[in-house]
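As structure tokens, the structure follows; a few thoughts come after it.
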Amino acid sequence: SAKCGACGPGYATPLDAMKGNLRFCDPVSKGPREEIVYLPCIYRNTGIEKPDYLATVDVDPKSPQYCQVIHRLPMPNLKDELHHSGWNACSSCFGDATKRRNHLILPSLISSRIYVVDVGTDARAPRIHKVVEPVELFWKGNVAHPHTSHCLASGDILISCLGDPSGNGKGGFILLDGETFDVKGNWEKGEKVPPLGYDFWYQPRHNVLLSTEWGTPKVLASGFNPADVARGHYGRCINVWDWTTHSLLQSVDLGEGSIPLEVRFLHDPDAAEGFVGCALSSAVHRFYKTEKGDWAAEKVIEVPSKKVEGWLLPEMPGLITDILISLDDRFLYFSNWLHGDIRQYDISDTRRPRLVGQVFVGGSIKKGGPVTVVDDKELQGQPEPFVIQGKKVSGGPQMLQLSLDGRRLYVTTSLYSGWDKQFYPDLLKEGSVMLQLDVDAEKGGLKVNQNFLVDFGKEPGGPVLAHEVRYPGGDCTSDIWL
């Protein structure tokens with residue numbers, strides 16, 4: 001191992017992260033076993049007029065505060081809709097000894113604010129370091145509705161956006177200075193910009209950044225209207241960018257109504273392939289670099305829709321909302337927010353993923369609910385309602401985070417407050433939950449840990465919607481290796 005201070009934050013390789021081979025002196029990180037996690041908690045649309053906050057949750061089984069929220073950091077404004085967080089520095093900065101993973105970047109999907117949170121001074125009690133106001137994004141980049149944040153090896157922070165300041169779709173990016181957190185301007189160059197934005201991942205060894213498309217911000221803000229898909233308000237493409245010139249090269253069309261959301265390269269920085277989860281088509285596509293040097297995609301998993309009665313449409317998609325890949329690139333996980341199941345696939349052969357684990361933890365097709373399944377290509381009957389520690393869970397599995405060693409999968413149940421309100425109204429009254437699944441990381445297999453439950457319906461300020469999970473030492477969805 002390198003001497004203390006000889007390297008920057010994170011780990012040298014994905015397998016080092018998985019094994020906990022620490023090669024740096026970062027007091028925030030203590031190896032692969034997570035002890036605390038951070039989650040944005042949202043009050044927008046719940047009827048409770050309080051600001052969103054960042055919750056710190058104790059997940060150490062040896063702790064007397066296990067499964068408890070040990071700190072709450074309220075934001076200074078109302079109705080931000082905190083969403084996906086990222087880091088000021090991660091494993092992409094491993095070679096820079098001057099960098100530390102000590103600030104969490106918290107974009108707000110609705111207000112377009114970006115909060116910079118200090119987690120380095122006291123990891124168990126974060127504090128606000130800086131607020132980047134919406135006008136900075138509007139004036140310096142003509143973008144709004146920031147979504148995904150990734151740190152860059154340069155030390156800067158790259159954030160994808162869903163639209164422009166008027167709420168129209170626009171797949172642009174904004175750069176923050178990694179030291180001052182000031183807005184530097186747009187990352188993208190040239191006139192070509194995708195009509196929609198959402199998530200992204202970059203892979204410098206192949207000189208590429210890939211971004212995805214959700215929908216037009218002012219259209220999706222309050223809920224989902226199926227007619228808006230045909231009107232072109234929802235996405236269908238993976239967009240391919242030249243990493244060096246920041247120019248848009250290509251759009252890979254995955255089909256009308258696909259809505260590609262989370263995009264994940266394999267963690268191996270040499271890999272020229274990965275996966276994207278499509279919400280409405282409930283399909284996972286493998287994307288890859290072709291022999292010609294451009295990019296293509298093929299459908300490798302498809303979750304059949306279920307014919308139903310008592311629901312918005314006559315057929316209910318699984319609605320794949322989050323996917324992730326284990327650090328050894330062995331397993332792919334995704335959540336079906338509407339059907340209610342989490343799946344684990346062996347991706348040793350990336351072109352032929354093999355289902356090896358599946359559990360139901362809620363969803364819209366549970367037995368005894370308002371929805372009746374009249375034709376199902378996968379199940380013999382409707383799943384039983386999911387109950388844990390006496391609590392009947394509302395909502396469906398949504399955001400996922402895997403432990404570095406690949407043996408614990410954390411799950412939260414809120415998607416986005418406007419859609420939660422439409423599809424799972426009880427979620428707004430009862431609050432979301434965080435669950436943990438035990439993972440068989442050798443043969444495959446998932447099992448709910450019955451001893452783990454964080455019930456955000458019991459928060460002091462009232463029931464709240466908890467979203468994405470982050471570990472202080474980095475994780476499968478925020479760290480990128482160069």
**Prompt:** Which residues, taken from segment 148-175, are touching a Pro at 6+ places or on another chain (Cβ under 9 Å), hydrophobic (A, V, I, L, M, F, W, C) and in a loop (DSSP other than H, G, I, E, B)?
**Reply:** Ala153
**Message:** For the condition charged (D, E, K, R) and either open to solvent by less than 40 Å² (accessible area, probe 1.4 Å) or in contact with a helix residue (DSSP H, G or I) (Cβ under 6 Å, 6 or more places away or on another chain) (or both), what is the one hit in Asp96, Asp118?
**Reply:** Asp118
**Complete:** Glu273 fails exactly one of (1) out of contact with any His (no Cβ under 9 Å at 6 or more places or on another chain); (2) open to solvent by less than 20 Å² (accessible area, probe 1.4 Å); (3) not polar (S, T, N, Q), namely (2)
**Prompt:** How about segment 339-395: which strands (runs of 3 or more DSSP E) wholly inside it have at least 2 residues that are more than 29 Å from Phe265 (Cβ to Cβ) and open to solvent by less than 70 Å² (accessible area, probe 1.4 Å)?
**Reply:** 372-375
**Request:** May I ask you to list the residues in segment 132-166 that are crowded, with 16+ Cβ neighbours inside 10 Å and among the aliphatic types (A, V, I, L, M)?
**Result:** Val132, Leu137, Val143, Ala144, Leu152, Ala153, Ile157, Leu158, Ile159, Leu162
**Request:** Sort out which residues of segment 146-167 are farther than 23 Å from Glu468 by Cα and either free of Cβ contacts under 8 Å to residues at least 24 places away in the same chain or in contact with a strand residue (DSSP E or B) (Cβ under 9 Å, 6 or more places away or on another chain) (or both), and write them in order of number.
**Result:** Asp164, Pro165, Ser166, Gly167
**Asked** open to solvent by 20 Å² or more (accessible area, probe 1.4 Å) and either touching a residue at least 40 places away in the same chain (Cβ under 8 Å) or part of a helix (DSSP H, G or I) (or both), is that true of Gln436?
**Response** no
**Request:** Using the structure shown, decide if His267 is at pLDDT 95 or above, surrounded by fewer than 18 Cβ atoms within 10 Å (Cβ to Cβ) and of a type outside the set (A, V, I, L, M).
**Result:** no
**Item:** Asp375 acidic (Asp, Glu) and touching a helix residue (DSSP H, G or I) at 6+ places or on another chain (Cβ under 6 Å)
**Value:** no
**Prompt:** Can you find even one residue in segment 364-371 that is modelled with pLDDT of 95 or more, over 16 Å from Phe452 (Cα atoms) and among the hydroxyl-bearing types (Ser, Thr, Tyr)?
**Reply:** yes
**Prompt:** Can Val308 be described as within 25 Å of Gln401 (Cβ to Cβ), open to solvent by less than 30 Å² (accessible area, probe 1.4 Å) and among the β-branched types (Val, Ile, Thr)?
**Reply:** no
**Prompt:** What number of residues in segment 347-369 are within 18 Å of Arg408 (Cβ to Cβ) and of a type outside the set (Val, Ile, Thr)?
**Reply:** 2
**Prompt:** Within segment 64-72, can one find any residue that is in contact (Cβ under 8 Å) with a residue 24 or more places away in the chain and crowded, with 23+ Cβ neighbours inside 10 Å?
**Reply:** no
**Item:** Close pairs (9 angstrom Cβ cut-off, 6 or more residues apart or separate chains): free of Cβ contacts under 8 Å to residues at least 60 places away in the same chain in segment 297-313, among the hydrophobic types (A, V, I, L, M, F, W, C) and loosely packed, with under 14 Cβ neighbours inside 10 Å anywhere
**Value:** Ile301/Leu355; Ser305/Leu313
**segment 44-59 - residue that is farther than 27 Å from Asn451 by Cα and in contact with a Phe, Trp or Tyr (Cβ under 8 Å, 6 or more places away or on another chain) and, of those, surrounded by the fewest Cβ atoms within 10 Å (Cβ to Cβ)** = Glu49
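The values are calculated or read from the model by the stated rules, or taken from the named source; none is laboratory data. None of these values were measured; they are calculated from a predicted model. We place every Cβ from the backbone using ideal geometry, glycine too, and count neighbours over all the protein chains shown. Areas reflect the complete protein model, heavy atoms only, side chains present, ligands, DNA and RNA absent. Shrake-Rupley method; radii C 1.70, N 1.55, O 1.52, S 1.80 Å.
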